[in-house]
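Worksheet: the structure to be examined is printed underneath.
The values are calculated or read from the model by the stated rules, or taken from the named source; none is laboratory data. Source: prediction; values computed, not measured. Cβ atoms come from the backbone with ideal geometry, glycine included; neighbour counts cover every protein chain shown.
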Amino acid sequence: MPNINLKIAVASYGHTAALKDGSVRIEGVAPDFVEVAPIVAAYRRMVRDLAFDVCEMAPTTYLIARARGAPFIGLPIFLMRRFHHSGFVVRPDAGIREPRELEGKHVGVRAYSVTTGVWTRGIFVNEYGLDSGKVTWVVDDEEHVTSLKLPPNVIHAPRGRSLAGMMASGELQAGFTGNAGIGRAGPPVAGWEQSGPSDAASYPELIPDAAKAEAAWFARTGIYPIHGMVVVKTEVLARHPRIARSLFNAFLEAKNVYLRRLIGGEADAPDDRRYRALSAVVGDPLPYGLAANRASIEALATYALQQGLLAGPMSMNEMLVDPQTQ
């Protein structure tokens, strides 16, 4: 049987390098890897235009699109991981000492459905007692899924204003750091990370000793927040059902190549050092598969439902294909 051609858009990570350079093959597939930078732009192209056969996508964007009948489905391959007690800062003069004191305040986030925002809001609501509906969430980008109706307490920043500028002026009292908030400006374009100068580092984190809080939360809940999942067009799987297992096996093999380099100390970029540190808390810093990620998948779906991003609960079978049973 000839290999099938698949257009694939995933970012270049240490754990995808062996896949993208061809040293790890995808059985039955002739891959056409398309480079999209920043990778968040690929999420938007996939959810709006079905631009790829296989694509990395933010998990919350995926859940919203899937619930609306999008013709692609996720595999339990999660290409980015991080905890979310950190990455949220406050103005020192805002009098915010705990998440519940965000009520009545204006908080900056790139888009309401950005996965980082969903994770952090979920933690603040379920662990710290925040009423998210009493916060005014200020956004400065579009939602990837354009049909998404936002809650009434979500407003758009004035035209021409950035979240970073509004934080500096005091119009925002708190915000997310990095690409989820005050670390950039505008929609995802080339050079996006540098497009919005920010002094985020000058603001204090809301959760003190976040790493300790994250480790304790993981030990208690088993939740290790997921990002950057892999989705596949359903028509591809309908015609070639074994492709799900082929993709999973190849991504897993490429990850294992990376982990050997990570453990051996050969990989030492900032992300490598971050994953090496995370491994002391979670074990495998990039777990793939349904069993290893069930708690995290269910938590994100619950948070999305609580925050008005889903109309109702979704079953695991609706959310994901388990390639290990294909």
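Go through (1) among the aliphatic types (A, V, I, L, M); (2) assigned to a helix (DSSP H, G or I); (3) in contact (Cβ under 8 Å) with a residue 12 or more places away in the chain; (4) within 29 Å of GLY122 (Cβ to Cβ) for VAL232 and report which single condition fails.
Condition (2) is where VAL232 drops out.
Quickly run through the range 76-104 and pick out the residues that are among the hydrophobic types (A, V, I, L, M, F, W, C), under 21 Å from ALA301 (Cβ atoms) and either in a loop (DSSP other than H, G, I, E, B) or touching a Pro at 6+ places or on another chain (Cβ under 6 Å) (or both).
The one that is among the hydrophobic types (A, V, I, L, M, F, W, C), under 21 Å from ALA301 (Cβ atoms) and either in a loop (DSSP other than H, G, I, E, B) or touching a Pro at 6+ places or on another chain (Cβ under 6 Å) (or both): PHE83.
Inside the range 246-262, can you point out the residues that are among the aromatic types (Phe, Trp, Tyr) and either out of contact with any Leu (no Cβ under 7 Å at 6 or more places or on another chain) or surrounded by fewer than 16 Cβ atoms within 10 Å (Cβ to Cβ) (or both)?
Residue satisfying the conditions is TYR258 alone.
May I ask you to list pairs of residues, at least six apart or on different chains, whose Cβ atoms are under 7 Å apart, with the first in the range 95-113 being on the phi > 0 side of the Ramachandran plot and the second being modelled with pLDDT of 95 or more and not in a loop (DSSP other than H, G, I, E, B)?
Going by the 7 Å Cβ cut-off, the qualifying pairs are GLY95/GLU101; GLY104/LYS134.
Quick one: SER132 ticks every box in (1) surrounded by fewer than 24 Cβ atoms within 10 Å (Cβ to Cβ); (2) within 29 Å of HIS15 (Cα to Cα) bar one, so which box is it?
So the condition that SER132 fails would be (2).
Enumerate the helices (runs of 4 or more DSSP H) found wholly within the range 263-326, keeping only those where 2 or more residues are crowded, with 21+ Cβ neighbours inside 10 Å and out of contact with any helix residue (DSSP H, G or I) (no Cβ under 6 Å at 6 or more places or on another chain).
270-282, 290-306
Find the strands (runs of 3 or more DSSP E) located wholly in the range 3-65 whose residues include 2 or more that are in contact with a strand residue (DSSP E or B) (Cβ under 9 Å, 6 or more places away or on another chain) and in contact (Cβ under 8 Å) with a residue 60 or more places away in the chain, and list them.
Details: elements: 4-9, 29-33, 54-57.
Ranges flagged: 4-9, 54-57.
Would you please name the residue that is nearest to ARG161 (Cα to Cα), looking only at residues in the range 83-129 that are of a type in the set (Ser, Thr, Tyr) and crowded, with 17+ Cβ neighbours inside 10 Å?
As a first pass, look at the range 83-129 and keep what is of a type in the set (Ser, Thr, Tyr): 86, 112-113, 115-116, 120, 128.
After this cut, where a residue has to be crowded, with 17+ Cβ neighbours inside 10 Å as well, the list is 86, 112-113, 115-116, 120.
Values: SER86: 25, TYR112: 17, SER113: 20, THR115: 23, THR116: 22, THR120: 24 Å.
For the range 83-129, the residue satisfying everything is TYR112.
I'd like to check something: does the range 72-90 contain any residue that is among the β-branched types (Val, Ile, Thr), under 14 Å from the mean Cα position of the chain (by Cα) and modelled with pLDDT of 95 or more?
Yes, because at least one residue in the range 72-90 is among the β-branched types (Val, Ile, Thr), under 14 Å from the mean Cα position of the chain (by Cα) and modelled with pLDDT of 95 or more.
Would you say GLY117 is under 26 Å from ALA211 (Cβ atoms), assigned to a helix (DSSP H, G or I), of a type in the set (Gly, Ala, Ser) and out of contact with any Lys or Arg (no Cβ under 8 Å at 6 or more places or on another chain)?
So GLY117 fails the test.
Out of all the residues in the range 167-186, which are surrounded by fewer than 21 Cβ atoms within 10 Å (Cβ to Cβ) and in contact (Cβ under 8 Å) with a residue 60 or more places away in the chain?
GLY170, GLU171, THR177, GLY178, ASN179
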